[in-house]
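Written out below as structure tokens is the structure these notes cover.
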Amino acid sequence: MSQQKPNLSFWQIWNMCFGFLGIQFGFALQNANVSRIFQTLGAEIDDLPILWVAAPLTGLIVQPIIGYLSDNTWNKLGRRRPYFLYGAIVTSLAIIVMPNAPVLWIAAGTLWIMDASINITMEPFRAFVGDMLPEKQRPTGYAFQSFFIGIGAIVASALPWMLTNWFDVANIAPEGQISDSVTYSFYAGAVVLLAAVGWTVYRTKEYSPEQLAAFEAAEDASKAAHVEKHRTAGQYFSGFAIWTLIGSAFLAFIYTNSLDKELYLVAAGLIAFGLIELISGLMVKRQAISNGFYQVVNDLFHMPKTMKQLAVTQFFSWFALFAMWIYTTSAVTAFHFGSTDTTSQLYNDGADWVGVLFASYNGFAAIAAILIPVMVSKMGLRVSHLVNMFLGAAGLISFIFIENPDYLLVSMVGVGFAWASILSLPYALLSNALPAHKMGVYMGIFNFFIVIPQLLAASILGVLVRYLFEGQTIYALALGGASMIIAGVSTLFVSDPHSSTTPSQQQ
């Protein structure tokens, strides 16, 4: 007998989302300090994007796999919680290793491990909201996640600055060594991440597979049931030929014209996608389709309409964020503090101030997470996201016009609202359009549209900064602002046919 999911109480939603405080503590330490660690260990400005490629690339690979596996897992810990716990343990260990990396290549390798494990923890959290909450409570659930992301990141981002200014911990070190303020911050992050995720694992119970099946039957009764579709082997082989040809031609163009090495990443991605289509086509031809690889690829080609529309919004949103994460440290230290010498007091004061700025935008995001449900009730999901993205664009573009770094705190208000919105409203739109039994895998595939713009940014931002912006990274932040404007406008074209509030009703 089918049944509707019950509404959860405030504290039940609080407990199920609390682990995101720890996840974002780790992410915030990474975002605010990894460029600083790389530069300290000898990386050039031009090398930063390609070194950062570990973060999105691991997410591209790990999230759909974990999504598929968690959809098909059930043990004594539950469906999603095993991945919360085991991913958090490995992440905490990687966070401890990161500031102790003796050379650049070890730091880059540690970033790969850190990001892979944190993705194992994070991906099921998105599906967890879809599992546990009825449709009308999902915007609230994702807003709770945004709130905890903001709170965790406030402390994590500002921690090196606080240790230096409140406890006299050194923020400078001999050449090639990481300062004590950064090192101790990472140690604290490992403890907070494991403790917060452990709280969610301990305090939350998941619905059994039988209960979820009953809930899904009730949902299917009120909307069109999910129909499994498949491509033919010929379609996959055609895709293989097209993508491989395009990628190979671009690869030859890069080589013959001696273009920047970062662009090889784009060509490799095109060829890799062609090979994925080839493998899928062979599986279809041999009728070997009962495996996770094929299922993920097949689901990618048969995404719900809403998910395809949100892909555009996500692409431009995360291109902007990646530009900000990569270049804010070098932009602020050079443009606002006037130093590019990583051993100087000015540079390290500027880098510490970036930590404060990152903490502040996460703080404003926590406030925005409280206000966003109110905005949605008044303006709807789509218009609310549009407004927040425009605020974020104004914040990033204003970096060019503000000379006093203290006033950059005002810029972070807009960035905070955009960040909170990016972490909640697209997921609220998406979860209402997904079949319950594929919530995890589709949330993992949705991550492609976060990862692909970051890989593109890693490939082309260094080229743009070098040749178009003449090495002035402040303009990369302005480019990120323009990208947020496009993301906001694209939201107006997103439909939400399965929500209790349709787009036409929202406006």
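A few notes on this one:
- Prolate/oblate/rounded call for the stretch 145-271, Cα gyration tensor, a/c under 1.5 rounded: oblate
- Using a Förster distance of 56 Å, the FRET efficiency for residue 233-residue 191 (Cβ separation, nearest 0.05): 0.65
- In terms of packing, defined here as the mean over residues of other Cβ atoms within 10 angstrom, the peptides 190-202, 383-395 line up highest first as 383-395, 190-202.
- Three semi-axes of the equivalent ellipsoid, the stretch 116-204, Cα gyration tensor, whole Å, largest first: 34, 14, 11
- Using alpha-carbon coordinates, inclination of helix 264-285 to the longest axis of the chain, degrees: 20 degrees
- Helix-only mean residue ellipticity at 222 nm for the chain, each DSSP H run of n ≥ 4 adding -39500 (n - 2.57), per residue, nearest 500: -24500 deg cm²/dmol
- Shape metrics for the chain, restricted to C-alpha atoms - Rg then Dmax, Å: 22.3, 69
- Packing, as the average of other Cβ atoms within 10 Å across residues, places the peptides 294-305, 14-25, 456-467, 334-345 in the order 14-25, 456-467, 294-305, 334-345, highest first.
- Only protein heavy atoms count here; on that basis, with a 1.4 Å probe, residue 403 has an accessible area of about 150 Å².
- A protection proxy built from the mean count of other Cβ atoms within 10 Å ranks the segments 209-215, 488-494, most packed first, as 488-494, 209-215.
- Solvent-accessible surface of the chain, taken per residue with a 1.4 Å probe and all protein chains present: 39 Å².
- Taking all Cα-Cα distances within the stretch 379-432, those exceeding 13 Å account for 57%.
- Ratio Rg/Rh [Cα only; Rh per Kirkwood] for the stretch 191-348: 1.12
- Long-range tail of P(r) for the stretch 294-416 (Cα pairs > 21 Å, %): 51 percent
- Applying 1/(1 + (r/R0)^6) with R0 = 30 Å to the Cβ-Cβ distance of residue 260 and residue 90 gives a FRET efficiency near 0.35.
- Length gained when the stretch residue 268-residue 166 is fully extended (0.36 nm per residue, less Cα-Cα span): 32.0 nm
- Value of D in µm² per second that Stokes-Einstein yields for the stretch 314-380, Kirkwood Rh from Cα pairs, at 25 °C (0.890 mPa s): 177 µm²/s
- Entry for the stretch 25-161 at q = 0.22 Å⁻¹: log10 I(q)/I(0) = -1.36, Debye formula applied to identical alpha-carbon scatterers, no solvent contribution.
- Per residue, the Cα convex hull of the stretch 359-507 amounts to 120 Å³.
- Divided by 2.2 N^0.38 Å, where N counts the residues, the Cα radius of gyration of the stretch 434-476 comes to 1.79.
- Its relative contact order, with pairs defined as Cα atoms under 8 Å and 6+ residues apart, puts the stretch 1-131 at 33 percent.
The values are calculated or read from the model by the stated rules, or taken from the named source; none is laboratory data. As the structure is a prediction and not an experimental result, all values here were calculated from the model. Cβ coordinates were reconstructed from backbone atoms using ideal geometry, including for glycine residues, and neighbour counts include every protein chain displayed. Accessible surface areas use protein heavy atoms only, side chains included; no ligands, DNA or RNA. Shrake-Rupley method; radii C 1.70, N 1.55, O 1.52, S 1.80 Å.
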